[in-house]
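A.B. asks: Pasting a structure here, questions to come.
The values are calculated or read from the model by the stated rules, or taken from the named source; none is laboratory data. The structure presented is a predicted model; accordingly, all values stated were derived computationally and were not measured. Methodologically, a virtual Cβ is constructed for each residue, glycine included, from the backbone with ideal geometry; neighbour enumeration extends over all protein chains shown. When the accessible area is computed, the model is the full protein with side chains, heavy atoms only, and any ligands, DNA or RNA have been set aside. Shrake-Rupley method; radii C 1.70, N 1.55, O 1.52, S 1.80 Å.
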Amino acid sequence: MAKNRDLYITEVALRDGSHAIGHQYTVEQVMSVARSLDQAGVPYIEVAHGDGLGGSSEQYGRSRTNEMSLIEAAASVCTDTKIAVLLIPGIGTKNELKEAAELGAKMARVATHVTEADVSPQHIQLAKELGLETVGFLMMSHMAPVNKLVEQAKLMESYGADTVYVVDSAGAFLPNEVRERIKALRLSLSINIGFHAHNNLSLAMANTLVAIEEGATRIDGSVRCLGAGAGNTQTEVLVAILDRMGINSGIDLYEMMDLAENIVAPILPKPQEITRDSLVMGYAGVYSSFLLHAQRAAKHFDLDARDILIELGKRKVVGGQEDMILDVAAEIANKQKSLKV
């Protein structure tokens with residue numbers, strides 16, 4: 001791994017991108033993508049079910065392949081790149097984290113809702129005991145004011161996290177909001193600061209560049225924009241922009257372009273773009289992984305998915321409350337039916 005990088009990019013297509021393909025990754029696909037990312041010099045690859053370790057379920061979506069097999073496969077083809085896993089306390093367990101570490105994971109990203117960092121200490125501390133680089137991942141960061149975000153980030157720092165991320169799970173942030181939050185964390189923390197964007201308002205790249213400008217040195221991207229909702233900051237584009245800016249990512253641009261074009265594009269069921277539903281998610285501040293669930297519920301109840309997503313936003317539903325999607329859809333359908341009577 002290059003030692004003179006100005007920042008470190010984590011490729012999340014093999015975790016966040018799992019949402020976009022209904023968690024249907026095969027071992028062969030993961031090995032092919034991971035091998036190419038390693039050759040390109042990407043320092044970290046996140047591999048797991050879209051909702052992290054233990055996410056394969058009726059509520060979150062069943063994986064085609066056991067995630068431990070995917071983690072092991074990715075680790076087996078990487079020479080320099082480190083494998084990262086996501087764990088959401090309450091979904092993933094300490095036993096699954098131990099198993100992932102045994103299979104080759106080198107980084108644990110412990111994710112909580114932005115106001116619930118206090119559920120993460122046992123998982124962060126276990127990750128440290130296992131010798132893993134440890135990240136605190138504050139999801140839905142747009143839902144907390146700056147002072148609350150700082151408070152929660154400091155908790156994760158006190159538990160032993162090496163890095164704390166501002167996570168724009170809904171793709172709802174505007175650039176000035178990202179600037180304010182990253183600056184506040186930089187002034188308050190002594191550890192690394194990271195940023196994870198979604199592109200639902202077409203601002204993932206702009207927000208990422210603002211985060212870097214304000215001192216974030218751990219950045220997430222997804223090759224070919226393969227991620228939940230409208231996808232994440234597009235990795236190969238980010239590498240090109242950083243190169244133009246004179247910022248060294250340590251990643252080979254041509255290798256990333258070829259990977260995006262030849263290996264990842266065929267995996268996508270359709271090109272990643274900002275559709276009306278993903279746009280509404282950013283507008284309403286709804287968790288990006290809710291998209292396919294809301295679309296399925298809309299089809300089942302003969303509704304407009306946008307109505308479901310707007311209502312979920314009003315109710316401030318967060319990750320882990322996927323069961324609410326069907327409840328909300330049923331309520332909307334009943335109201336519409338009663339108005340027709």
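A.B. asks: State in Å² the accessible area per residue of the chain; use a 1.4 Å probe, count heavy atoms of protein chains only, and round to the nearest integer.
C.D. replies: 41
A.B. asks: Taking the Cα centre of the chain as the origin, how large is its charge dipole in debye, to the nearest 20, when only Lys and Arg (+1) and Asp and Glu (-1) carry charge on their Cβ atoms?
C.D. replies: 660
A.B. asks: Run the accessible area of the chain with a 1.4 Å probe and give the carbon-and-sulfur part as a rounded percent.
C.D. replies: 47
A.B. asks: For the chain, give me the percentage of DSSP beta bridges that are antiparallel, rounded to the nearest 5 percent.
C.D. replies: Looking only at bridges with both residues in the chain, the antiparallel portion is about 5 percent.
A.B. asks: By what distance, in whole Å, do the Cα atoms of the range 104-259 stretch along each of the three principal axes, largest value first?
C.D. replies: Per principal axis, max minus min of the Cα coordinates gives 41, 37, 29 Å.
A.B. asks: Can you quote the Å³ per residue value for the convex hull of the Cα atoms in the chain, rounded to an integer?
C.D. replies: Dividing the Cα hull volume of the chain by its residues yields 118 Å³.
A.B. asks: May I ask you to order 76-82, 49-55, 158-164, 228-234 by the average number of other C-beta atoms within 10 Å around their residues, highest value first?
C.D. replies: Descending packing order for the listed peptides: 228-234, 49-55, 158-164, 76-82.
A.B. asks: In square angstrom, rounded to the nearest 10, how much accessible surface does Glu273 have for a 1.4 Å probe?
C.D. replies: Counting only protein heavy atoms, Glu273 exposes about 110 Å² to solvent.
A.B. asks: Order 289-299, 89-99, 327-337 from most to least packed using the mean count of other Cβ atoms within 10 Å.
C.D. replies: Output ranking for 289-299, 89-99, 327-337: 289-299, 89-99, 327-337.
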